[in-house]
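What follows is a set of notes on a single structure, which appears directly below.
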Amino acid sequence: MRLDNQRESDNLEDRRGGGGGGFSLGGGRMGIGTIVIALIGSYFLGINPMTLLGLLEQAPQIQVQPRSAPAHKPPADDEMARFVSKVLASTEDTWRDIFRASGKQYQDPKLVLFSGSTPTACGTGQSAMGPFYCPGDQKVYIDLSFYRDLKTRFKAPGEFAQAYVIAHEVGHHVQHLLGISSKVESQRQRIGEVEGNALSVKLELQADCFAGVWGKRTDTMKSVLEPGDLEQALTAAAAIGDDRLQQQSRGRIVPESFTHGSSAQRVQWFRRGFESGDVNQCNTFAARAPSSTH
């Protein structure tokens, strides 16, 4: 990615070194009996476990506003932090433009860098969750050590793969602003687990499509992509499909337990967003359910 001359966002909040060290599965402090299941699902580029447990829109009721340092730019010599800051800035420019075209005003999310654990309005955020979005404070959280896993564990290296991670979580912010997330959670509370999982998959695939729209529009506006970049994002999308992850961890695939979509689905919807550059092409809820296998 060619980001050298791009601006950095003013919405980066650096909490690294502010306590809560360690790579912990301390989700029990959230008071949710099935938190371990949620953590496993959320680790793979998912959203906050609160969402998977049908508690997304209850977040304001349990809101705990953390005391944190004010947003500031990363140190000049912190290349990875500056990279994510520039990616965040590109999402701001893209979504401001998209919202403006439809007569709406985009509200920028904050992006929080943390190490180990950190307080959020959705409970204690843990590195083990992977990157996630909290609607209660409208912030994206990421421990940058996740990028090591993306490269080594998921075999998805490259800057555009890393940028896709941020763009996917910002996609959840867009869903929150548009009221999509609240509608989904309202539905999930009235249906069974399997049907609820299917709705979660649609939500995740739409965030993938939104990430594709960001990629296309950002490149159109700023010519940031280089040869091979698109393949990096597609590799990342495929690497974290539920089917591939279940096969690796369990040795078998259970489609009815999918919460994020198969590798084929994630690739399909990111590509759809990227090729069209049109958010209207991202209505996963109206589309016929795609196959859960390749």
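Brief remarks follow.
- The one condition in (1) within 10 Å of the chain's Cα centre (by Cα); (2) over 21 Å from L225 (Cβ atoms) that G171 fails to fulfil: (2)
- Only helices (runs of 4 or more DSSP H) whose full extent lies in region 141-241 are considered here, and the ones with at least 2 residues that are touching a Leu at 6+ places or on another chain (Cβ under 8 Å) and within 20 Å of V84 (Cα to Cα) are 159-177, 193-222.
- Residue that is modelled with the lowest pLDDT [pool: residues in region 144-199 that are aromatic (F, W, Y) and surrounded by fewer than 22 Cβ atoms within 10 Å (Cβ to Cβ)]: F154
- Restricted to region 231-286, and to residues there that are of a type in the set (V, I, T) and at pLDDT 80 or above, the residue that is farthest from G196 (Cα to Cα) is T235.
- Residue match in region 200-219 (condition: aliphatic (A, V, I, L, M), surrounded by fewer than 20 Cβ atoms within 10 Å (Cβ to Cβ) and either modelled with pLDDT of 90 or more or out of contact with any helix residue (DSSP H, G or I) (no Cβ under 8 Å at 6 or more places or on another chain) (or both)): no
- Test: residue in region 107-119 that is among the basic types (K, R) and assigned to a loop (DSSP other than H, G, I, E, B): no
- Hits in region 126-140 - residues which are under 19 Å from G17 (Cβ atoms), in a strand (DSSP E or B) and either modelled with pLDDT under 95 or hydroxyl-bearing (S, T, Y) (or both): Q126
- Only one of the listed residues (T91, T152, T120) is polar (S, T, N, Q) and touching a helix residue (DSSP H, G or I) at 6+ places or on another chain (Cβ under 8 Å). That residue is T91.
- Being modelled with pLDDT of 95 or more, over 21 Å from the mean Cα position of the chain (by Cα) and either at negative phi or part of a loop (DSSP other than H, G, I, E, B) (or both) is not true of R67.
The values are calculated or read from the model by the stated rules, or taken from the named source; none is laboratory data. Keep in mind that what you see is a predicted model, and the values were worked out from it rather than measured. Positions of Cβ are backbone-derived with ideal geometry, glycine not excepted, and every protein chain shown enters the neighbour counts.
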